[in-house]
Amino acid sequence: MTAPGTTLPPLPAPQTEPQAKAVLARPASRLYALDGLRLIAALMVAAYHYGGRDGEISQAWGTSPSSQFPSLHGWFAYGCLGVQIFFVISGFVICMSGWGRPLRSFFASRAARLLPSYWVAIVLVTAVFALPVVVYEAVSPSDALVNLTMLQQPLGVDRVLGVCWTLWAELRFYALFALCVVLPGATRHRVVLFCAVWTLAAVFAEGAGPDASLANLVLMPEYAPFFIGGIGLYLVHRDRRDVTAWGIVAVSWLIGQHFAVDRTWHAPNPDFFSYRSSFGIVVVVTLGFAAVAAIAVGWTRWANWRWLTVAGALTYPFYLVHEHLGWVAIAALHRRVGLPASVTFAATIALMLTLAWLLNRYVEEWATPLLRRSLNRRPGAGTGVGTGVGTGVGTGVGTAQRTP
């Protein structure tokens with residue numbers, strides 16, 4: 001989800017010797033492998049939704065995916081952990097993009113990145129599910145309108161997109177990072193303190209149980225270790241000899257694997273989750289951390305293929321549309337056309353990637369910079385100021401390595 005040829009903006013010149021020690025020179029090279037890893041994580045989630053669980057997808061196939069993919073079904077089940085890998089990547093990218101930029105620019109970059117494709121996906125899925133030939137129940141018009149705000153999850157409104165619960169987690173992370181790091185100004189000391197305080201506060205909130213429902217909502221104990229681990233890996237990217245940063249990563253991995261096992265090994269419905277082994281979950285989480293770590297320390301510089309920027313650009317729109325529209329495609333291709341399950345699976349992935357390309361080409365490429373410039377323009381400022389900020393700061397960071 002990045003644009004080729006962009007570089008990271010320069011860090012503001014340090015004013016004092018302590019600041020010079022606290023703020024290192026920002027790496028300027030592009031992390032192509034991060035785009036590829038993001039797409040891999042999205043494909044993992046798609047594999048889970050198409051072949052690693054039951055529920056609505058069984059209606060599309062006509063039978064349980066376990067009968068459609070008897071040898072792969074168990075492997076596909078681990079694909080849900082692609083979300084945790086997304087969160088590690090998000091922690092890395094948000095720390096990178098929020099460093100050395102004002103709050104307005106940070107907000108504009110995030111809103112412009114998330115909203116255009118999201119709005120179109122909401123409208124598209126709502127319209128498709130309302131068609132008489134589609135058997136899936138559509139949400140009410142009122143709920144569909146609330147979904148446009150991205151705040152349907154805390155409001156208890158039916159979701160148009162099943163995957164949007166992850167965006168609610170992302171929004172809470174953005175808010176915490178913006179208030180605690182971007183607003184006062186990012187320095188290594190402040191980022192380290194943020195990671196330490198968030199880790200401890202999240203653990204306390206988890207330990208308090210139901211009595212800390214508000215704290216759990218804000219601090220997200222289940223997902224905090226993955227965001228924090230990604231932040232720690234960005235500090236490693238800035239200085240691979242930073243022992244404190246490696247400590248942040250290690251603690252985050254230890255806590256993160258615990259929550260991943262706790263939440264996905266034995267869930268309330270054994271038909272969905274019991275077949276995952278705790279060892280397998282730990283391995284997938286570890287590989288996710290290790291992959292981002294390899295990128296952070298520069299071991300993937302050889303993977304500087306420009307086509308990876310296309311892979312990154314397709315990831316977010318693909319992630320938005322693949323689940324619910326995938327149900328429709330699978331039902332049409334497998335039950336109506338009669339294609340084998342393996343062909344249907346591959347064809348559905350290809351169709352969703354094509355739709356993602358269309359959203360990127362005809363929605364994001366013009367709407368994202370337009371919205372960013374509009375949000376960066378201060379009230380009462382002339383066009384010259386608004387455009388200068390929007391294209392100079394907003395594009396420089398917002399498209400350098402984008403998330404989710």
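The values are calculated or read from the model by the stated rules, or taken from the named source; none is laboratory data. Worth saying up front: this structure is predicted, and the values here are computed from it rather than measured. Because the Cβ atoms are built from the backbone with ideal geometry, glycine has one as well, and the counts that use them run over all protein chains shown. Keep in mind that these areas ignore ligands, DNA and RNA; they rest on the heavy atoms of the full protein, side chains included. Shrake-Rupley method; radii C 1.70, N 1.55, O 1.52, S 1.80 Å.
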Quiz prompt | Surface per residue (accessible, 1.4 Å probe) for the stretch 198-254, Å² | solution = 44
Quiz item: So what's the Cα pair-distance distribution over the stretch 186-277, bin width 5 Å, in %?
Solution: 3, 14, 21, 19, 17, 13, 8, 4, 2, 0
Self-check item: Cα→Cβ-extended label distance, 7 Å offset, between His258 and Arg306, nm
Solution: 4.7
Quiz prompt | R0 of 35 Å, Cβ-Cβ distance Val203-Ala346: FRET efficiency to nearest 0.05 | solution = 0.25
Practice problem: Run the quick spin-label model on Arg361 and Ile40: label points 7 Å from Cα toward the beta carbon, then report their separation in nm to one decimal. | Solution: 2.7
Practice problem: Could you state how much accessible area Leu145 has, in square angstrom rounded to the nearest 10, with a 1.4 Å probe and all protein chains kept in place? | Solution: 120
Exercise. Give the calculated FRET efficiency between Val337 and Asp158 to the nearest 0.05, with a Förster radius of 41 Å applied to their Cβ-Cβ distance.
Key: 0.85
Quiz prompt | Given charges at Cβ of Lys, Arg, Asp, Glu: the stretch 217-352 dipole, positive-most of Thr348, Gly247, Pro221 | solution = Thr348
Practice problem: Over all alpha-carbon pairs of the stretch 197-334, lay out the pair-distance distribution in 10 Å bins, whole %, shortest bin first. | Solution: 11, 26, 35, 22, 6, 0
Practice problem: Would you please put 207-218, 323-334 in order of how densely packed they are, using the mean number of other Cβ atoms within 10 angstrom per residue and starting with the highest? | Solution: 323-334, 207-218
Self-check item: log10 of Debye I(q)/I(0), alpha-carbon scatterers only, for the stretch 327-370 at 0.22, 0.28, 0.31 Å⁻¹
Solution: -0.68, -0.87, -0.97
Self-check item: Probe 1.4 Å, all protein chains present, accessible-area order of Asp262, Asp35, largest first
Solution: Asp262, Asp35
Quiz item: Just how much of Trp246 is accessible, in Å², when a 1.4 Å probe is used and the result is rounded to the nearest 10?
Solution: 100
Quiz prompt | Rg(Cα)/(2.2 N^0.38 Å) for the stretch 110-232, N = residue count | solution = 1.28
Quiz item: When the accessible area of the stretch 245-358 is computed with all protein chains present and a 1.4 Å probe, what percentage of it is carbon and sulfur?
Solution: 73
Quiz item: Which whole-number value in Å³ per residue fits the convex hull of the alpha carbons of the stretch 159-226?
Solution: 96
Quiz prompt | Accessible surface of the stretch 151-224, 1.4 Å probe, proportion on carbon and sulfur as whole % | solution = 68
